[in-house]
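The structure appears below as structure tokens.
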Amino acid sequence: MASSLEQLRVVKSGIAGLVPEQDLVKKLDTGRPLTIKLGVDPTAPDLHLGHAVPLRKLRQFQDLGHRVVLIIGDFTALIGDPSGRSATRPPLTPEQVEANATTYIEQAYKILDPERTEMRRNSEWLGPLGFEELLRLTSRFTVARILERDDFSKRYREGIGISLHELLYPVAQAYDSVVIGADVELGGTDQLFNLLAGRELMEKMDLEPQVCLTLPLLEGTDGIQKMSKSYGNYIGLTDAPDDLFGKVMSIPDGLMIKYYRLCTALPVDEIDGIESGLAEGSLHPNTMKRRLAREIVTLYNSTEMAEMAEASFDRVFKQHDVPEDVTEVEVELADTVHLPALLTSLGLVSSNSEGRRMIDQGAVRIDGAVLTAGLYDVAQDVVNGRVLQVGRRRFARPKQL
């Protein structure tokens, strides 16, 4: 097992926070394999790269020799995680939860080593929990503490209903940590309250409290919103290799290192070198984005499929007869660019409505990558200096004034 300092350096790469860091150092210094927990509610059947971020961090812990426990929240999914929600989640049926769990596990094993992953379902211990035991658990939390959550306090101030069962969600998640004896629990930045609730409950039950490790939310191909199917900016783990490669090629250059750290299996030292090379100008952004796309396609498919996807990307780009000397047009680009309006101003479409229609029809490309239907707003970096193509013969390269 690597030294505690080396392990800490690997663990901290790409994370948002570690609460408290000194506790993790002490745990690593013991030299024992730590129990690393990730709880997931199977509320949707398909995973994208944003969902894969904590799974990739779990895999790092596995490779460092620690015990990884992936908890399928088949019981808590019936409650619905209120984190970041402005309203109560619609309940799922047990049948929906089970169907989603099956596909989730299958896709999670594209990242985790099945031989070294302990898979548990929290219905094992939450299902049999009697009312008396539930009262004992809830007595360790105050209503005031639970209402400190940003989403709860906001809803309370605005007079938006909070169902009583939602208040029990952080208690249930915290009890998961008690049952498996978690040393570290992972979650997105929106999960910090729930992670801290687990730490608090363990302390009150005279157990060594868990460390809370938060991971940043991953922006999608638009470079603005967090990756989500509802925003049309997602990159699915089960996307066809050609689509996967093209979508990665369409992300803003400024997101490359974040994607390298959160979405690939490259060693931290190598990613540090890539970051330095890009900053110094010794590495070309397009070359490194191609490598990023190959790495991600390889992870979820194979090296051969990644090579074929890159060849297909180049072939499609050339088949559409992209001129080598596309006219560069200086325009005023806001931090967030409304693509239909930009296409109109460049003369590539006659109106914003035509621009939206062409995007939805898959007729708009940026540097050869087809835009996802419904994706109308993107970060400036997505279009600045890139070749915009509408149909087969309309091209322009917008450049910030």
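The values are calculated or read from the model by the stated rules, or taken from the named source; none is laboratory data. This structure is a prediction, so every number in the text was calculated from the model and none was measured. Here the Cβ is made from the backbone with ideal geometry for all residues, glycine too, and neighbour counts use every protein chain on show. We work out accessible area using only protein heavy atoms, side chains counted, and drop any ligands, DNA or RNA first. Shrake-Rupley method; radii C 1.70, N 1.55, O 1.52, S 1.80 Å.
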Mind jotting down the distance between the C-alpha centroids of the stretch 220-245 and the stretch 251-285, whole Å?
-> 19
Among (1) 58, 44, 42; (2) 73, 56, 41; (3) 72, 52, 38, find the value of Cα extents along the principal axes in Å that was calculated from the structure presented, and write down its label.
-> (3)
Going by alpha carbons, how many degrees (0 to 90, nearest 10) lie between the helix axis of 169-180 and the longest principal axis of the chain?
-> 70
Stretchable slack from T30 to Y109, in nm (0.36 nm times residue separation minus alpha-carbon distance) | 25.5 nm
Working from Cα positions, state the angle (0 to 90°, nearest 10) between the long axis of helix 49-63 and the longest principal axis of the chain.
-> 60
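Of the heavy-atom accessible surface of the stretch 196-330 (probe 1.4 angstrom), what whole percent is carbon and sulfur?
Carbon and sulfur atoms account for 48 percent of the accessible area of the stretch 196-330.
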What angle do you read, to the nearest 10 degrees and between 0 and 90, between the alpha-carbon axis of helix 268-280 and the longest principal axis of the chain?
-> 40
Student exercise, the chain dipole from Lys, Arg, Asp, Glu Cβ charges, in Debye to nearest 20 | 400
Note the full-extension length gain between S312 and T142 as 0.36 nm times their separation in residues minus their Cα-Cα distance, in nm to one decimal.
-> 55.4 nm
With springs only between Cα atoms under 10 Å, which of L278, L24, L388 fluctuates most in a Gaussian network model of the chain?
-> L278
Accessible area per residue of the stretch 149-222 at 1.4 Å probe, in Å²?
-> 37
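Leaving out ligands and nucleic acids, note down the accessible area per residue over the stretch 280-401 with a 1.4 angstrom probe, in whole Å².
50
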Measure off, as a whole percent, the carbon and sulfur share of the 1.4 Å-probe accessible area of the stretch 1-158, all protein chains present.
-> 55
Could you work out how far the C-alpha centroid of the stretch 158-184 sits from that of the stretch 335-401, in angstrom?
-> 44
Relative contact order for the chain, counting Cα pairs under 8 Å that sit 6 or more residues apart, in percent | 16
Note to self: C-alpha centroids of the stretch 1-80 and the stretch 91-113 sit apart, in Å, by 18
Anything over 29 Å Cα to Cα? Flag those among K26/K229; K12/K289; K57/K226; K57/K154; K154/K226, in the order listed.
-> K26/K229; K57/K154
Residue-normalised value, i.e. accessible area per residue, for the stretch 1-137 at 1.4 Å probe, in Å², stands at 45
Of the GluC sites (Glu not before Pro) in the stretch 301-401, which ones lie in a loop per DSSP and count no more than 16 other C-beta atoms within 10 Å?
-> E324, E332
Contour minus end-to-end for A2 and E275, with contour as 0.36 nm per residue of separation and end-to-end as the Cα-Cα distance?
-> 95.9 nm
